[in-house]
Amino acid sequence: MNWLQILLLLVAAYLLIAYYIRERGLFKDHVMFFGPILAIKTERVGFFDWFQKFRTILRAYATLGVLLVVVVSAFMTLALLVAVPQLLVHTPEPTGIYDPRNLLAIPGVNQAIPITAAVFLGLLLTIVIHEFGHAILARVEDMRVKSMGLLIAVVPIGAFVEPDEEDVEAAKGMPKIRMFGAGITNNIVFGLACFAAMFLLFGMATPLAVPLVQGVYQDYPAADAGLPGYSVITSINGVPVASQEEIAAIMDGTRSGETVTLTATKDGVESTYTLTLSGWPEELDGDRDSGFMGVYYYSAPAVKEHIGKIADLGLLAPLYLTIAPIDAFIQGNTQQLGILLTDTPEQMAWEEPFPLFWGTVHLLFWTGWFNLLVGMFNAIPIVPLDGGYMMKEGVERFFERRGWSQYAQRVVASISGFVTVLLILLITMPMIVAALRFVLAMG
């Protein structure tokens with residue numbers, strides 16, 4: 001049974017259970033339906049009151065968070081202002097990260113987001129961290145919290161807290177701004193912490209010199225002999241080999257046209273292949289006179305060095321990680337960063353420091369990735385995003401102090417509308433241009 005069949009069974013089971021609960025009217029005080037989404041809620045939220053003991057510290061944290069959100073909001077707005085004109089001049093094809101389905105951070109829909117436990121747990125943690133930020137600051141600022149719960153559609157996809165609307169409406173100025181910004185602050189801080197922990201943890205893995213064939217060049221000896229990718233070469237002409245260097249030493253003594261016997265294992269099965277060597281292609285190293293098998297290897301030391309250089313970027317590293325590995329994964333180029341995202345055959349070229357090591361790395365990556373994306377997106381000054389509500393409250397208080405309250409809503413609507421248009425253009429421009437090109441080609 002593959003993952004798609006399992007998913008279909010889960011969907012069917014969920015729909016049957018949801019229908020039964022709805023028709024029987026079970027758990028009326030704790031279960032609600034929003035279309036196909038089932039919400040399980042509780043009003044036992046008194047534990048949020050505990051955080052009032054740390055009012056001073058949490059207010060200071062939230063105030064610094066407001067400054068962080070303002071910086072991120074300005075950065076995101078500036079990025080939109082720069083990106084949209086560039087797209088108008090150089091519009092990419094709607095493929096890769098510009099493919100419409102890859103604009104949605106939905107596992108299984110987005111090509112770069114696999115359906116794994118690390119992905120779902122990272123997504124759920126992200127939403128819980130965000131919502132709890134709002135709830136904790138609501139109580140710190142003396143706003144009541146009515147309920148909290150999970151949103152479920154087949155698997156848990158979200159969480160929510162429900163502050164008292166009257167208390168939120170009555171709050172003014174910084175208390176309200178801190179409450180709206182707390183979720184974003186939590187996401188960004190936690191996302192950065194997860195990426196930092198991931199880099200530290202990855203540094204504990206030891207790269208091995210195992211001769212792992214990542215792939216073969218088509219129309220060359222290894223491909224003609226049927227050597228599959230992700231095989232580990234164990235011997236050449238009966239001589240055992242344990243590293244790429246040992247293979248290179250043997251191959252340096254061969255010439256084009258010679259026949260070699262190569263033994264390799266894949267998935268625990270050992271096989272023997274007979275290769276008639278060719279000359280080296282010009283684009284690789286045409287001046288070499290040794291024989292060429294037509295394979296390329298996975299280099300764990302090179303990957304560790306590459307990821308180490310990313311870590312050296314400091315605060316730019318998380319920004320790099322939100323885009324680069326995703327685009328590489330979509331394009332099928334997983335040699336450098338794919339090992340951070342999900343289980344890959346390359347893991348056999350590493351010595352793990354403890355059990356479940358790679359699962360922990362993947363959980364840290366996806367938790368950091370989702371937290372940063374959710375935090376940065378919510379910081380955009382668009383109502384009804386948190387950044388938009390913060391902008392709205394700030395503009396209203398600024399204009400109110402100067403007696404210009406009648407202009408506040410117009411300014412808020414103008415800013416929110418302008419940034420919304422930029423965001424829509426950024427998302428739809430590749431598709432619009434592709435459609436126009438198709439129409440013109442048909443004409």
Sorting check: for 359-371, 46-58, 211-223, 176-188, which peptide has the highest mean count of neighbouring beta carbons within 10 Å, and how do the rest follow? 176-188, 359-371, 211-223, 46-58
If I model a spin label as a point 7 Å beyond the Cα along the Cα-Cβ vector, how far apart are those points for E165 and T265 in nm? 6.5
Where a Cα-Cα gap under 23 Å defines reach, which lysines qualify for K53, not counting those fewer than 8 residues away within the same chain? K146, K172, K176
Length gained when the stretch R401-R144 is fully extended (0.36 nm per residue, less Cα-Cα span): 89.8 nm
With all protein chains present, how much of the accessible area of segment 177-263 (probe radius 1.4 Å) comes from carbon and sulfur, to the nearest whole percent? 60
Long-range amide H contacts for T91: which residues qualify at under 5 Å (H placed 1.01 Å from N, peptide plane, sequence gap of 5 or more or a different chain)? none
Report ³J(HN,Hα) in whole Hz for each residue of segment 162-176, in order, from the Karplus equation J = 6.51 cos²θ - 1.76 cosθ + 1.60 where θ = phi - 60°; Gly and Pro get x. 10, x, 5, 4, 5, 5, 5, 5, 6, 5, 9, x, 4, x, 6
Karplus (6.51, -1.76, 1.60) ³J(HN,Hα), θ = phi - 60°, over segment 250-261, in Hz, Gly and Pro reported as x: 6, 5, 5, x, 9, 9, 4, x, 6, 10, 10, 9
How much length, in nm to one decimal, is gained on full extension between D343 and M204, taken as 0.36 nm per residue of separation minus their Cα-Cα distance? 48.3 nm
Using modelled amide H (1.01 Å from N, peptide plane; none on Pro or chain starts), what sits under 5 Å from the amide H of V295, excluding residues fewer than 5 places away? Y217
Segment 257-314 - convex hull of alpha carbons, volume per residue in Å³: 119
Calculate the spin-label point distance for E245 paired with F120, positioning each point 7 Å from the Cα along the beta-carbon direction, and give it in nanometres. 4.5
Give the accessible surface of segment 201-287 per residue, rounded to a whole number of Å², with probe radius 1.4 Å and ligands, DNA and RNA excluded. 51
Based solely on C-alpha atoms, express the radius of gyration and the Dmax of segment 177-334 in angstrom. 21.4, 74
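The values are calculated or read from the model by the stated rules, or taken from the named source; none is laboratory data. Keep in mind that what you see is a predicted model, and the values were worked out from it rather than measured. With ideal geometry, Cβ positions are generated from the backbone for all residues, glycine too; neighbour counts draw on all protein chains shown. The accessibility values were calculated without ligands, DNA or RNA, using every heavy atom of the protein model including side chains. Shrake-Rupley method; radii C 1.70, N 1.55, O 1.52, S 1.80 Å.
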